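Worksheet for the structure shown next.
The values are calculated or read from the model by the stated rules, or taken from the named source; none is laboratory data. Here the structure is a predicted model, which means the values were calculated and not measured. As a convention, Cβ positions derive from the backbone with ideal geometry for all residues, glycine included, and neighbour counts pool all protein chains shown.
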Amino acid sequence: MKPAAFDYMVPKTIAEARAALAVDGASMIAGGQSLLPMLSLRVAVPDLLIDISGLKDLKESGKSPTAVRLGALTTHADAEDGKIPDSFDGLLQKVASGISYRAVRNYGTIGGSVALADPAADWPVCLLALGADVRVVVRDGVRSEAIGDLIQGQYTTSLAKDEIILGFDVPPPGARLRWGYFKVARKSGAYANSIAVAVQRGAGGPISVALGAAGPRPFLLPAVAGQLGAGETSEDILRTAIVKDLKSQVPDTDPYLTRLHTSTVLRALREMRSR
């Protein structure tokens, strides 16, 4: 199929893009790896398409003592190739390299992945585990919001119609990051059926465990993190904690999916503990 007819605009500034977005029927495109198929299938039928891929303010990445800053237009390939600051001992490169195919990674962006809020996407669950904040351009400046608050449900965020993700601030681990990452997909390049990220900030440091593709949005597993923080190593006990966290977020998970997600988390935990 072919997209329905639409007007096309390339803004020169974020302010110009925001003003255009306020118009009814306007949509925004950057890498387009999710939106273009939706246009072709006519799932999305905008009257105006606003191309923000050239806005330099959305591409700025860097390091400070308090945060690793990732621009919204950072592509998956940029992360895979180490072109952005990586204070996370290769985790960002690992996550990026497992997203779809290289042709998609060349254009798809971290900001686009988060803004779409697909519950099976890689970046939201990774950034949730890392405790990232999202910087959003709003009418009177820039607001910062925890990624777990920005993503509210399946394809649902707190973004207003004329708000644009500027980038992400990820707290540096302060020590060598131990991490584990595991994803289950039906075929290579497909979205995940289950995806888990576990991180520990230095030996004996704080632990975060996040699970995606299990519910309408990714979520943290506090019971699992608590057991690990207490020095628990028994997989039977960890398995019980995983099920507890899963049921608290997605009570109607069936037995098959419960086993799948439990296995995914355990594999991520094993990798983290082996580092």
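Has region 65-87 got any residue that is more than 18 Å from TRP123 (Cβ to Cβ), modelled with pLDDT of 90 or more and in contact with a Pro (Cβ under 6 Å, 6 or more places away or on another chain)?
Checking region 65-87: not a single residue is more than 18 Å from TRP123 (Cβ to Cβ), modelled with pLDDT of 90 or more and in contact with a Pro (Cβ under 6 Å, 6 or more places away or on another chain).
State yes or no: is VAL170 in contact with a Ser or Thr (Cβ under 6 Å, 6 or more places away or on another chain) and either farther than 30 Å from THR13 by Cα or β-branched (Val, Ile, Thr) (or both)?
On the way: in contact with a Ser or Thr (Cβ under 6 Å, 6 or more places away or on another chain): no; either farther than 30 Å from THR13 by Cα or β-branched (Val, Ile, Thr) (or both): yes.
No, not satisfied.
Only one of (1) acidic (Asp, Glu); (2) farther than 24 Å from GLY180 by Cβ; (3) out of contact with any Asp or Glu (no Cβ under 9 Å at 6 or more places or on another chain) fails for GLU80. Which number is that?
Condition not satisfied by GLU80: (2).
Quick check on my filter: what residues within region 149-167 are in contact (Cβ under 8 Å) with a residue 40 or more places away in the chain and more than 14 Å from ALA117 (Cβ to Cβ)?
Correct list: LYS161, ASP162, ILE164, LEU166, GLY167.
Hey, among the residues in region 138-170 that are of a type in the set (D, E, K, R) and either part of a strand (DSSP E or B) or not assigned by TED's automatic domain parsing to the domain that holds PRO119 (or both), which one's farthest from the chain's Cα centre (by Cα)?
Let us first name the residues in region 138-170 that are of a type in the set (D, E, K, R), namely 139-140, 143, 145, 149, 161-163, 169.
Okay, now just the ones that are also either part of a strand (DSSP E or B) or not assigned by TED's automatic domain parsing to the domain that holds PRO119 (or both), so 143, 145, 169.
Values: ARG143: 18, GLU145: 14, ASP169: 13 Å.
Result: ARG143.
Criterion first (at pLDDT below 95, surrounded by fewer than 19 Cβ atoms within 10 Å (Cβ to Cβ) and touching a strand residue (DSSP E or B) at 6+ places or on another chain (Cβ under 8 Å)) does VAL23 satisfy it?
Details: at pLDDT below 95: yes; surrounded by fewer than 19 Cβ atoms within 10 Å (Cβ to Cβ): yes; touching a strand residue (DSSP E or B) at 6+ places or on another chain (Cβ under 8 Å): yes.
Yes.
Look at region 26-59 and say how many of its residues are crowded, with 17+ Cβ neighbours inside 10 Å and of a type in the set (Asp, Glu).
Within region 26-59, residues that are crowded, with 17+ Cβ neighbours inside 10 Å and of a type in the set (Asp, Glu) number 0.
Kindly provide the set of residues from region 26-43 that are modelled with pLDDT under 90 and under 29 Å from ASP140 (Cβ atoms), ordered by number. Lay out the reasoning, then the answer.
Keep residues of region 26-43 that are modelled with pLDDT under 90, which gives 32-43.
Within region 26-43, LEU35 is the sole residue that qualifies.
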